[in-house]
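The values are calculated or read from the model by the stated rules, or taken from the named source; none is laboratory data. Everything quoted here is computed from the prediction, not taken from an experiment. Note: ideal-geometry Cβ built from the backbone for every residue, glycine included; neighbour counts use all protein chains shown. Ligands, DNA and RNA are excluded from the accessible area calculation, which covers all protein heavy atoms including side chains. Shrake-Rupley method; radii C 1.70, N 1.55, O 1.52, S 1.80 Å.
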Amino acid sequence: MDISPVNPMLYFPGASAWPEEYKGKLLMEKLMQNQINNIEKQGIKNGEEIAWKVEQQVTQLTEVVTDTNLRVGKLEYQMVTLTEAVTDIGVRVGKTEQSISRIDGHLLRIDDHFVRIDKQFEQVDKQFDRVDKQFEKIDKQFERVDKQFMRMDERFEKVEASITSMQTMFYGLMIKQTRWIISMMLVLVGLSLHAAGGFRRTRGCFMANHVWGLLSHPGPELQQIQRERETVSHVYSHHVLLMALIPVVCSFIGTTQLGWNFGDGQTLMVSMFTASYIAVIFYVLMLAAVALMGRIIYWMARRYDSRPTLNSCIVFAGYVATPMFLSGLVALYPMVWLCLFVGIIGLCYSGYLLY
């Protein structure tokens, strides 16, 4: 280092050191130089620290920016998805608006229908008003009819009183005639027993002798009846009219004197008047049933080559019904199950004679 004095005039030969003044300046310069060096070193150190911090902040900022870019990308993707969803929602909203428009149209038509229905209900109400008026008229008419029925009831009460008195008189007469009916029944039973004994008469007389033959030997007896060639009037007058009286008279006596027995200890008595007209109807029905059965036999025989005549079929039906007529004897004791049992037996035997 050059330490020559700045001003050579201040140097004295033989002097051992620099002047004090100059020496202080050198120290100042050294101090200043040291300070400058320190400042430079401190500046460099601070600059390096600042640069390192700045670099770290830049790195962090770069990471933040990168993360931000990723988030922005995701946000853009979500925005695209949201845009598509909004678009789809817009399409659906459009369809919904169309549906709402159609619903509005339907509601308008429904309103029109309700208006028409209201008008129809108004008409129905008017009709109900008219019906109510008609019912009021009908009620008045029913009131008049009720009054008439009340008057008729009074008249019927008077008639019933008259009929009661007449029935009392009629029952008295019927009781008087019961003995005569019982005696006739005994005669009828005697005649039946007489026929069962085999008593025979010539053709044209009483024909009850066929009864025993039909019960004991039906085959030969039916052949005998066929050979006799009776007429319908003859078989009715000599056989059917008499045999049909058996169930009629027996049921009349049994129901009026003993009553129907149902097997449980209870009996149902029939009045004389009721039993009389039932007996007449029963008798007529049995006579008609014989003729009807003859016509059925005649119709069933149409398939045979040698078809019998209608007269022969009715005569045959009159004799075939004989077991059913005889089963009417059980009606003297009118127990329901017993009458049914005996009636079924008579019906089966009549079927046997028929086939």
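In the list Ala275, Ala288, Ala301, which residue meets the criterion of being among the small types (Gly, Ala, Ser), out of contact with any Lys or Arg (no Cβ under 9 Å at 6 or more places or on another chain), open to solvent by less than 30 Å² (accessible area, probe 1.4 Å) and free of Cβ contacts under 8 Å to residues at least 60 places away in the same chain?
Going through Ala275, Ala288, Ala301 in turn, just one is among the small types (Gly, Ala, Ser), out of contact with any Lys or Arg (no Cβ under 9 Å at 6 or more places or on another chain), open to solvent by less than 30 Å² (accessible area, probe 1.4 Å) and free of Cβ contacts under 8 Å to residues at least 60 places away in the same chain: Ala275.
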- Message: For the condition open to solvent by 100 Å² or more (accessible area, probe 1.4 Å), part of a helix (DSSP H, G or I) and either modelled with pLDDT under 85 or among the charged types (D, E, K, R) (or both), what is the one hit in Glu49, Glu76?
- Response: Glu76
- Residue by residue through the range 248-269, note down the ones that are surrounded by 20 or more Cβ atoms within 10 Å (Cβ to Cβ) and either within 47 Å of the chain's Cα centre (by Cα) or not hydrophobic (A, V, I, L, M, F, W, C) (or both). Ser251, Gly254, Thr255, Thr256
- Query: Could we say that Ile117 is β-branched (Val, Ile, Thr), within 39 Å of the chain's Cα centre (by Cα) and surrounded by 10 or more Cβ atoms within 10 Å (Cβ to Cβ) here?
  - Reply: yes
- Note on the structure: Expected output for the range 226-247 (first residue open to solvent by less than 10 Å² (accessible area, probe 1.4 Å) and among the aromatic types (Phe, Trp, Tyr), partner at pLDDT below 85 and not in a helix (DSSP H, G or I), Cβ below 9 Å, 6+ apart or cross-chain) is none
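A quick yes/no check of all residues on (1) modelled with pLDDT of 85 or more; (2) more than 30 Å from His217 (Cβ to Cβ); (3) of a type in the set (D, E, K, R):
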{"position": "Gln127", "(1), (2), (3)": "yes, yes, no"}
{"position": "Phe135", "(1), (2), (3)": "no, yes, no"}
{"position": "Arg144", "(1), (2), (3)": "yes, yes, yes"}
{"position": "Glu154", "(1), (2), (3)": "no, yes, yes"}
{"position": "Phe170", "(1), (2), (3)": "no, yes, no"}
{"position": "Met184", "(1), (2), (3)": "no, yes, no"}
{"position": "Val187", "(1), (2), (3)": "no, no, no"}
- Query: Which of the residues belonging to the range 302-355 are touching a helix residue (DSSP H, G or I) at 6+ places or on another chain (Cβ under 7 Å) and small (Gly, Ala, Ser)?
  - Reply: Ala317, Gly318, Ala321, Ser327, Gly328, Ala331, Gly343, Gly346, Ser350
